[in-house]
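A short worksheet on the structure shown next.
None of the figures in this text is laboratory data; all of them are computed from the coordinates on show. None of the values given here were measured: they were computed from a predicted structure. Every residue, glycine among them, receives a Cβ derived from its backbone with ideal geometry; neighbour counts consider all protein chains shown.
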Amino acid sequence: MARKKSNSNLPSFDELIIPTVKALLKLGGSGSVEEINNYVYEIANISENVLQVFHGESGTIKEVDYRLAWSRTYLKKFGLLENSSRGIWALLKPDIDVSNLDNTEIVRYVREQSKPTEKEIVDSIPNRVEAEVEAEVDNAEEWKGQLLKILYSITPSAFERLAQRILRESGFSQVEVTGKVGDGGIDGKGIVRVSGLLSFHVIFQCKRYKGSVSPSQIRDFRGAMQGRADKGLVITTGTFTREAIKEATRDGAPPIDLIDGEILCDKLKELKLGVTTKLTETVEVKNEWFINL
């Protein structure tokens with residue numbers, strides 16, 4: 001696996017294996033990638049500077065998150081984790097004793113299981129596990145990088161209209177783009193209904209850039225939404241700092257939901273807005289079936 005040279009404090013993927021298991025135990029045995037990663041940041045005491053190091057040139061995934069994808073895959077191949085089609089990862093055993101786990105042993109075992117056969121030339125065939133993880137993460141990064149590049153190039157008004165469409169497709173009603181200069185960063189508003197009974201007024205802000213949204217920007221947006229909505233929503237093509245995430249969910253303050261560039265890409269894919277998924281059919285002939293006739 002390629003290692004980043006830009007920050008010596010970046011933990012290696014094998015150093016994140018045990019924190020990943022600890023994170024899942026804290027989550028009750030299962031969790032989304034986002035939930036797991038956020039717990040690992042705390043458990044492994046990963047600094048904000050390290051979290052701002054991105055993998056590759058496209059800048060669509062944090063280097064730490066890239067390495068955590070490796071950690072999860074190794075744990076899966078070791079027989080401790082499983083993942084569903086909905087992106088939820090879970091421990092196969094609820095009573096795992098972390099003190100008995102050795103990340104070095106886990107890596108050694110998985111690599112031993114994926115060794116090439118005698119007919120294969122070791123120097124010319126990449127490690128199967130590494131090739132699998134590279135393909136999975138890099139493929140996701142490739143299309144997301146391409147999509148974000150397009151989103152960076154569209155006009156601010158077009159990005160606001162895109163946010164409006166996403167909210168409508170997600171079940172919001174009366175969604176309006178209201179962005180005006182001096183309106184405290186409020187770009188639009190809408191109403192979301194829960195089970196057809198409860199309704200919440202939501203205002204949203206769109207930030208179309210590559211940088212990170214800071215806690216001060218979240219505070220400014222909250223100040224602008226006071227008395228005007230039940231909830232706030234910030235949509236960005238960039239990321240949010242850890243402090244900005246904490247500020248958005250601060251106790252006693254109106255809640256603000258956050259959608260960063262990666263979640264935005266996933267949402268567009270889910271809603272099939274400008275993104276399509278093609279499935280390839282694989283046909284396999286089972287020789288043993290005919291033999292048993």
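Give me the one-decimal nm value for the distance between modelled label points at Leu271 and Trp289, 7 Å along each residue's Cα-to-Cβ direction.
For the pair Leu271/Trp289, the computed spacing is 4.1 nm.
Using the Cα centre as the reference, give the magnitude of the dipole from point charges on the C-beta atoms of segment 187-290 (Lys, Arg: +1; Asp, Glu: -1; all else neutral), rounded to the nearest 20 debye.
Details: 17 positive and 14 negative charges, 92 e Å.
The calculation lands at about 440 debye.
Sort His55, His201 so that the residue with the fewest other Cβ atoms within 10 Å of its own Cβ comes first and the one with the most comes last. Walk me through the intermediate numbers first.
Numbers: His55 20, His201 14.
The order, fewest Cβ neighbours first, is His201, His55.
Below 13 angstrom from the Cβ of Lys272, what's the summed charge of the other residues (Lys, Arg +1; Asp, Glu -1)? Intermediate results must be reported in sequence, preceding the final value.
Details: positive: Arg165, Lys267, Lys269, Lys278; negative: Glu169, Asp266, Glu270.
Local charge sum for Lys272: +1.
P(r) of segment 155-271 in 10 Å steps, Cα pairs, percent per bin?
Values per bin, smallest distances first: 14, 48, 35, 3.
Do any trypsin sites (Lys or Arg not before Pro) in segment 61-104 lie in a loop, going by DSSP, with at most 13 other beta-carbon atoms within 10 Å of their beta carbon, and if so which?
Numbers: sites: Lys62, Arg67, Arg72, Lys76, Lys77, Arg86; in loops: Arg86.
Listed in order of number, the matching sites are Arg86.
Could you work out how far apart the two model spin labels at Leu279 and Asp97 are, taking each label as a point 7 Å from the Cα in the direction of the beta carbon, and quote it in nm?
Spacing of the two 7 Å Cα→Cβ label points: 4.4 nm.
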